[in-house]
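The values are calculated or read from the model by the stated rules, or taken from the named source; none is laboratory data. Remember, predicted model here, so these are calculated numbers, not experimental data. Counting neighbours? That spans all protein chains shown, and the Cβs are built from the backbone with ideal geometry, glycine included.
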């Protein structure tokens, strides 16, 4: 057995961030070879990840950021099993590192995010390493981005909810962008306007409306017409521009936007929330 000193253990700990006992055991197994010890620690992370695969990871952190030029915004959700780990500084730092990488690389989907280079390996490898250190399941479960004339990001207190929003004009009002990003956070719309609602969502709402009307004893030949009529209520509650404006419920978001700038448009948004 190799004679491993405390300074050697500490050096490996500084290199990997792993616990002292894990580092000592890895160095003993690797007979003092640091490269082999690092591989052992990484394999441990993979082994833990495999064992925890069926666990629930509903805690974590949600972060939204914009590029300095305010043309690109991104939001990510990194999950873990417990709130204790979600508040761990290394976990938080890793999440912040990932969002910085995203703003630089502007990946088109979550798979591309996971394959981004991180400390000579990939983001996915970094997650596996963290799993080995904490013993908890972790996953990058959410990613969204918006590109527009001007973009905005809103991070709700506690980092459990965040939104990003794009507006059509480069001189879009900062306060208006902030207000609408918060509106998305509070009211969770499914689309910007009626025409943006996916057909699959509309079809589902009509199906639900027809069944409700049927349960109320309405004539069969009237069910679809009644369901279509109920869509207006759905649009008001679930499309951003038709929702009541949270700051002033006497007007809609669309009316508020026209007061700010009649030519200003919302081009898109994304919202991520832990447990949603």
Original post:
Taking the range 131-154 on its own, how many of its residues are assigned to a loop (DSSP other than H, G, I, E, B) and either within 14 Å of the chain's Cα centre (by Cα) or closer than 27 Å to residue 82 by Cα (or both)?
Top reply: 4
Subject >> residue 183 vs. criteria within 29 Å of residue 85 (Cα to Cα), assigned by TED's automatic domain parsing to the domain that holds residue 77 and not in a strand (DSSP E or B) >> reply: no
Original post:
Scanning for something over 30 Å from residue 172 (Cβ atoms), over 16 Å from the mean Cα position of the chain (by Cα), assigned by TED's automatic domain parsing to the domain that holds residue 177 and without any contact (Cβ under 8 Å) to a residue 40 or more places away in the chain, does the range 88-108 turn up at least one residue?
Top reply: yes
